[in-house]
Amino acid sequence: MRRVGGLDGRALEKRLNSLVGIDLVVRITDNLHTMLSFGRSEGRLIVRLHRMFLHASHGVLEALARYIRSGDREASRLLDRYIESNRHLIRKVPAHERRKRFPLRPRGRYHDLQAYFDELCRRHFGRRLSCAITWGRVPRVRLPRRTIKLGSYSADARLIRIHPALDQAHVPPWFVQWIVFHEMLHHVHGVRRGRRRVHTPAFLRDEKRFPYLEEARRWERENLDSLLWWDSRADDGRGSRST
Ligand SMILES: [Zn+2]
(Lines give C-alpha, C1' and ligand atoms only; values in the text may rest on other atoms or scores of the structure.)
Protein backbone atom coordinates (compact mmCIF):
# COMPACT_ATOMS: atom_id res chain seq x y z
CA MET A 1 0.00 0.00 0.00
CA ARG A 2 1.38 3.35 -0.99
CA ARG A 3 1.12 6.15 1.52
CA VAL A 4 0.16 9.42 -0.16
CA GLY A 5 -0.58 11.65 2.75
CA GLY A 6 -3.87 11.54 4.59
CA LEU A 7 -4.94 8.04 5.53
CA ASP A 8 -3.34 4.89 4.24
CA GLY A 9 -5.48 2.09 2.84
CA ARG A 10 -5.64 0.13 6.10
CA ALA A 11 -6.65 3.13 8.14
CA LEU A 12 -9.31 4.03 5.58
CA GLU A 13 -10.61 0.46 5.68
CA LYS A 14 -10.84 0.58 9.47
CA ARG A 15 -12.77 3.85 9.47
CA LEU A 16 -15.09 2.71 6.74
CA ASN A 17 -15.66 -0.57 8.55
CA SER A 18 -16.89 1.19 11.64
CA LEU A 19 -18.98 3.70 9.65
CA VAL A 20 -20.72 1.06 7.52
CA GLY A 21 -20.96 -1.39 10.38
CA ILE A 22 -19.93 -4.47 8.42
CA ASP A 23 -16.65 -6.19 7.80
CA LEU A 24 -15.56 -4.93 4.39
CA VAL A 25 -12.36 -4.89 2.41
CA VAL A 26 -11.02 -1.67 0.89
CA ARG A 27 -8.90 -1.82 -2.22
CA ILE A 28 -7.19 1.40 -3.26
CA THR A 29 -7.00 1.87 -7.03
CA ASP A 30 -5.30 4.22 -9.41
CA ASN A 31 -8.07 3.84 -11.99
CA LEU A 32 -8.69 6.36 -14.71
CA HIS A 33 -12.46 6.08 -14.87
CA THR A 34 -14.01 4.07 -12.08
CA MET A 35 -13.40 6.04 -8.92
CA LEU A 36 -15.68 4.03 -6.72
CA SER A 37 -17.30 0.64 -6.97
CA PHE A 38 -18.27 -2.14 -4.64
CA GLY A 39 -19.54 -5.65 -4.81
CA ARG A 40 -19.49 -8.97 -3.02
CA SER A 41 -16.83 -11.54 -3.53
CA GLU A 42 -16.82 -14.80 -1.61
CA GLY A 43 -19.17 -13.43 0.99
CA ARG A 44 -17.25 -10.23 1.67
CA LEU A 45 -18.00 -6.73 0.56
CA ILE A 46 -15.13 -5.38 -1.50
CA VAL A 47 -15.00 -1.58 -1.85
CA ARG A 48 -12.71 -0.23 -4.54
CA LEU A 49 -11.75 3.38 -4.09
CA HIS A 50 -9.52 5.63 -6.10
CA ARG A 51 -6.57 6.83 -4.05
CA MET A 52 -8.19 10.29 -3.96
CA PHE A 53 -10.35 8.89 -1.13
CA LEU A 54 -7.27 8.62 1.06
CA HIS A 55 -7.63 12.38 1.50
CA ALA A 56 -11.37 12.36 2.12
CA SER A 57 -12.76 14.26 5.07
CA HIS A 58 -14.85 12.58 7.74
CA GLY A 59 -17.98 14.02 6.09
CA VAL A 60 -17.09 12.42 2.76
CA LEU A 61 -16.41 9.07 4.40
CA GLU A 62 -19.75 9.26 6.18
CA ALA A 63 -21.45 9.93 2.86
CA LEU A 64 -19.56 7.01 1.37
CA ALA A 65 -20.80 4.76 4.17
CA ARG A 66 -24.40 5.89 3.62
CA TYR A 67 -24.04 5.33 -0.10
CA ILE A 68 -22.71 1.81 0.44
CA ARG A 69 -25.39 0.95 2.98
CA SER A 70 -28.44 2.29 1.18
CA GLY A 71 -27.52 4.01 -2.08
CA ASP A 72 -28.52 7.30 -0.43
CA ARG A 73 -29.13 9.89 -3.19
CA GLU A 74 -27.82 12.87 -1.33
CA ALA A 75 -24.69 10.97 -0.32
CA SER A 76 -24.27 10.01 -3.96
CA ARG A 77 -24.34 13.66 -5.05
CA LEU A 78 -21.83 14.59 -2.40
CA LEU A 79 -19.51 11.83 -3.65
CA ASP A 80 -19.88 13.09 -7.22
CA ARG A 81 -18.83 16.54 -6.10
CA TYR A 82 -15.88 15.11 -4.20
CA ILE A 83 -14.73 13.15 -7.26
CA GLU A 84 -15.21 16.18 -9.49
CA SER A 85 -13.12 18.43 -7.28
CA ASN A 86 -10.33 15.85 -7.16
CA ARG A 87 -10.03 15.27 -10.90
CA HIS A 88 -6.47 16.53 -10.80
CA LEU A 89 -5.48 13.42 -8.82
CA ILE A 90 -6.49 11.13 -11.69
CA ARG A 91 -3.58 9.97 -13.77
CA LYS A 92 -3.50 10.83 -17.43
CA VAL A 93 -2.35 7.79 -19.33
CA PRO A 94 -3.06 7.44 -23.01
CA ALA A 95 -5.20 4.43 -23.89
CA HIS A 96 -2.54 2.89 -26.12
CA GLU A 97 -0.18 2.84 -23.13
CA ARG A 98 -2.78 1.08 -21.01
CA ARG A 99 -3.43 -1.38 -23.77
CA LYS A 100 0.18 -2.56 -23.86
CA ARG A 101 -0.63 -4.77 -20.91
CA PHE A 102 -2.98 -6.75 -23.11
CA PRO A 103 -1.52 -8.41 -26.18
CA LEU A 104 -4.24 -8.31 -28.80
CA ARG A 105 -5.38 -11.68 -30.09
CA PRO A 106 -8.61 -11.09 -31.96
CA ARG A 107 -8.42 -14.16 -34.17
CA GLY A 108 -9.71 -17.29 -32.49
CA ARG A 109 -10.01 -20.86 -33.70
CA TYR A 110 -13.62 -20.46 -34.70
CA HIS A 111 -14.42 -16.78 -34.44
CA ASP A 112 -12.53 -13.76 -35.75
CA LEU A 113 -13.42 -10.94 -33.39
CA GLN A 114 -11.81 -8.25 -35.51
CA ALA A 115 -13.93 -9.26 -38.49
CA TYR A 116 -17.10 -9.14 -36.34
CA PHE A 117 -16.08 -5.79 -34.87
CA ASP A 118 -15.39 -4.26 -38.28
CA GLU A 119 -18.68 -5.51 -39.66
CA LEU A 120 -20.62 -4.18 -36.65
CA CYS A 121 -18.86 -0.80 -37.00
CA ARG A 122 -19.93 -0.61 -40.60
CA ARG A 123 -23.46 -1.85 -40.09
CA HIS A 124 -24.49 -0.18 -36.84
CA PHE A 125 -22.22 2.74 -36.16
CA GLY A 126 -21.32 4.02 -39.59
CA ARG A 127 -17.82 4.75 -38.40
CA ARG A 128 -14.77 3.08 -37.06
CA LEU A 129 -14.91 2.99 -33.27
CA SER A 130 -11.64 3.89 -31.60
CA CYS A 131 -11.30 0.84 -29.44
CA ALA A 132 -9.51 -2.47 -29.73
CA ILE A 133 -10.81 -5.99 -29.30
CA THR A 134 -9.25 -9.25 -28.19
CA TRP A 135 -9.99 -12.64 -26.75
CA GLY A 136 -9.46 -12.53 -23.00
CA ARG A 137 -6.93 -14.63 -21.17
CA VAL A 138 -7.97 -18.06 -20.03
CA PRO A 139 -8.77 -17.68 -16.36
CA ARG A 140 -7.89 -20.41 -13.89
CA VAL A 141 -11.12 -21.53 -12.26
CA ARG A 142 -12.67 -24.66 -10.79
CA LEU A 143 -15.39 -26.13 -12.96
CA PRO A 144 -18.20 -25.56 -13.27
CA ARG A 145 -18.00 -21.80 -12.95
CA ARG A 146 -20.83 -20.24 -11.02
CA THR A 147 -20.89 -17.23 -13.31
CA ILE A 148 -19.10 -16.20 -16.43
CA LYS A 149 -18.36 -12.73 -17.72
CA LEU A 150 -18.72 -13.16 -21.46
CA GLY A 151 -17.55 -9.70 -22.40
CA SER A 152 -16.07 -6.64 -20.80
CA TYR A 153 -15.09 -3.16 -21.84
CA SER A 154 -12.25 -1.25 -20.25
CA ALA A 155 -12.61 2.48 -20.77
CA ASP A 156 -9.10 2.93 -19.41
CA ALA A 157 -7.56 0.82 -22.17
CA ARG A 158 -10.34 1.37 -24.71
CA LEU A 159 -10.40 -2.35 -25.03
CA ILE A 160 -13.11 -4.97 -25.44
CA ARG A 161 -12.30 -8.40 -24.11
CA ILE A 162 -14.35 -11.45 -24.97
CA HIS A 163 -14.31 -14.62 -22.89
CA PRO A 164 -12.39 -17.44 -24.62
CA ALA A 165 -15.22 -19.86 -23.76
CA LEU A 166 -17.09 -18.31 -26.70
CA ASP A 167 -14.45 -19.52 -29.15
CA GLN A 168 -16.10 -22.88 -29.61
CA ALA A 169 -17.47 -24.49 -32.76
CA HIS A 170 -21.03 -24.75 -31.44
CA VAL A 171 -21.28 -21.08 -30.46
CA PRO A 172 -23.10 -19.29 -33.30
CA PRO A 173 -21.40 -16.23 -34.85
CA TRP A 174 -24.42 -14.04 -34.11
CA PHE A 175 -24.15 -14.92 -30.44
CA VAL A 176 -20.52 -13.79 -30.28
CA GLN A 177 -21.49 -10.73 -32.31
CA TRP A 178 -24.16 -9.82 -29.78
CA ILE A 179 -21.61 -9.91 -26.95
CA VAL A 180 -19.22 -7.79 -29.05
CA PHE A 181 -22.02 -5.35 -29.97
CA HIS A 182 -23.01 -5.00 -26.30
CA GLU A 183 -19.46 -4.07 -25.34
CA MET A 184 -19.19 -1.68 -28.28
CA LEU A 185 -22.24 0.10 -26.88
CA HIS A 186 -20.44 0.48 -23.57
CA HIS A 187 -17.64 2.19 -25.48
CA VAL A 188 -20.08 4.47 -27.32
CA HIS A 189 -22.26 5.31 -24.32
CA GLY A 190 -19.29 5.92 -22.09
CA VAL A 191 -18.77 5.24 -18.46
CA ARG A 192 -20.76 7.36 -16.09
CA ARG A 193 -18.63 9.76 -14.18
CA GLY A 194 -16.79 7.93 -11.47
CA ARG A 195 -19.33 5.18 -11.11
CA ARG A 196 -19.91 1.71 -12.31
CA ARG A 197 -21.49 1.85 -15.71
CA VAL A 198 -25.07 0.87 -16.00
CA HIS A 199 -27.38 -0.21 -18.74
CA THR A 200 -29.31 3.01 -19.12
CA PRO A 201 -32.63 3.13 -21.00
CA ALA A 202 -30.78 4.71 -23.94
CA PHE A 203 -28.28 1.87 -23.88
CA LEU A 204 -31.02 -0.76 -23.90
CA ARG A 205 -32.81 1.03 -26.75
CA ASP A 206 -29.63 0.92 -28.80
CA GLU A 207 -29.07 -2.71 -27.98
CA LYS A 208 -32.47 -3.55 -29.50
CA ARG A 209 -31.02 -2.58 -32.88
CA PHE A 210 -29.14 -5.85 -32.87
CA PRO A 211 -31.14 -8.06 -35.22
CA TYR A 212 -30.60 -11.36 -33.37
CA LEU A 213 -31.19 -10.04 -29.86
CA GLU A 214 -34.02 -12.44 -28.99
CA GLU A 215 -32.29 -15.45 -30.53
CA ALA A 216 -29.08 -14.56 -28.72
CA ARG A 217 -30.82 -14.25 -25.35
CA ARG A 218 -32.55 -17.58 -25.91
CA TRP A 219 -29.33 -19.24 -26.99
CA GLU A 220 -27.65 -17.97 -23.87
CA ARG A 221 -30.37 -19.40 -21.62
CA GLU A 222 -30.25 -22.76 -23.36
CA ASN A 223 -26.48 -23.06 -23.60
CA LEU A 224 -25.20 -21.40 -20.47
CA ASP A 225 -24.12 -24.76 -19.08
CA SER A 226 -21.76 -25.42 -21.97
CA LEU A 227 -20.10 -22.08 -21.24
CA LEU A 228 -19.92 -22.60 -17.49
CA TRP A 229 -18.36 -26.02 -18.11
CA TRP A 230 -15.95 -24.84 -20.76
CA ASP A 231 -12.51 -26.24 -20.11
CA SER A 232 -9.60 -24.69 -21.98
CA ARG A 233 -7.62 -27.93 -21.71
CA ALA A 234 -10.30 -29.95 -23.47
CA ASP A 235 -10.65 -27.33 -26.11
CA ASP A 236 -13.04 -29.08 -28.42
CA GLY A 237 -15.18 -30.29 -25.57
CA ARG A 238 -18.54 -28.76 -24.95
CA GLY A 239 -17.30 -26.53 -22.70
CA SER A 240 -25.53 -15.89 -14.14
CA ARG A 241 -23.12 -14.11 -16.48
CA SER A 242 -22.53 -10.40 -16.60
CA THR A 243 -21.31 -8.10 -19.26
ZN1 LIG B 1 -23.06 -4.42 -20.09
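Within 26 Å of PHE38 (Cα to Cα) and either within 16 Å of the ligand (Cβ to nearest atom) or not assigned by TED's automatic domain parsing to the domain that holds SER85 (or both) - does that describe any residue in the stretch 110-124? Quick ask: steps written out before the conclusion?
First, the residues of the stretch 110-124 that are within 26 Å of PHE38 (Cα to Cα): none.
The answer is no, given that none of the residues of the stretch 110-124 is within 26 Å of PHE38 (Cα to Cα) and either within 16 Å of the ligand (Cβ to nearest atom) or not assigned by TED's automatic domain parsing to the domain that holds SER85 (or both).
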Odd one out for ALA95 among (1) surrounded by 14 or more Cβ atoms within 10 Å (Cβ to Cβ); (2) within 16 Å of the ligand (Cβ to nearest atom); (3) over 23 Å from ARG233 (Cα atoms): (2)
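Looking only at the stretch 43-57, count how many residues are assigned to a helix (DSSP H, G or I) and under 19 Å from ILE22 (Cβ atoms). Explain how you work it out, then say what you get.
Start the filter on the stretch 43-57 by keeping residues that are assigned to a helix (DSSP H, G or I), which leaves 51-55.
Add one more test, that the residue is under 19 Å from ILE22 (Cβ atoms), and what stays is 53.
Count: 1.
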Looking only at the stretch 8-20, decide whether some residue is buried (at least 17 other Cβ atoms within 10 Å of the Cβ), in a strand (DSSP E or B) and at pLDDT below 95. no
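Quick test for you: out of ILE90, ILE28, ILE22, ILE68, pick the one residue that is touching a Gly at 6+ places or on another chain (Cβ under 6 Å) and at negative phi. So that I can check it myself, show each step before the final result.
Working: ILE90 fails: touching a Gly at 6+ places or on another chain (Cβ under 6 Å); ILE22 fails: touching a Gly at 6+ places or on another chain (Cβ under 6 Å); ILE68 fails: touching a Gly at 6+ places or on another chain (Cβ under 6 Å).
ILE28 is the lone residue from the list that is touching a Gly at 6+ places or on another chain (Cβ under 6 Å) and at negative phi.
So which of ARG238, ARG195 ends up being at pLDDT below 95, outside any helix (DSSP H, G or I) and either aliphatic (A, V, I, L, M) or in contact with a Leu (Cβ under 7 Å, 6 or more places away or on another chain) (or both)?
Values: ARG238 fails: either aliphatic (A, V, I, L, M) or in contact with a Leu (Cβ under 7 Å, 6 or more places away or on another chain) (or both).
Within the list ARG238, ARG195, the selection yields ARG195.
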Residue count, the stretch 198-222 (criterion: modelled with pLDDT of 95 or more, in a helix (DSSP H, G or I), more than 10 Å from the ligand (Cβ to nearest atom) and not aromatic (Phe, Trp, Tyr)): 11
Conditions (1) charged (D, E, K, R); (2) within 26 Å of VAL191 (Cα to Cα); (3) in a helix (DSSP H, G or I); number of the one not met by ARG40: (3)
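Collect the residues in the stretch 132-186 that are of a type in the set (Phe, Trp, Tyr) and at pLDDT 95 or above, keeping them in residue-number order.
Narrowing the stretch 132-186 to residues of a type in the set (Phe, Trp, Tyr): 135, 153, 174-175, 178, 181.
Result: TRP135, TRP174, PHE175, TRP178, PHE181.
Here is a yes/no grid of residues against (1) out of contact with any Lys or Arg (no Cβ under 8 Å at 6 or more places or on another chain); (2) small (Gly, Ala, Ser):
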| position | (1), (2) |
| --- | --- |
| LYS14 | yes, no |
| ILE28 | no, no |
| ARG40 | yes, no |
| SER70 | yes, yes |
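The values are calculated or read from the model by the stated rules, or taken from the named source; none is laboratory data. Keep in mind that this is a model prediction, so the values were computed, not measured. Ideal geometry is used to build each Cβ from the backbone, glycine not excepted, and the neighbour counts take in all protein chains shown.
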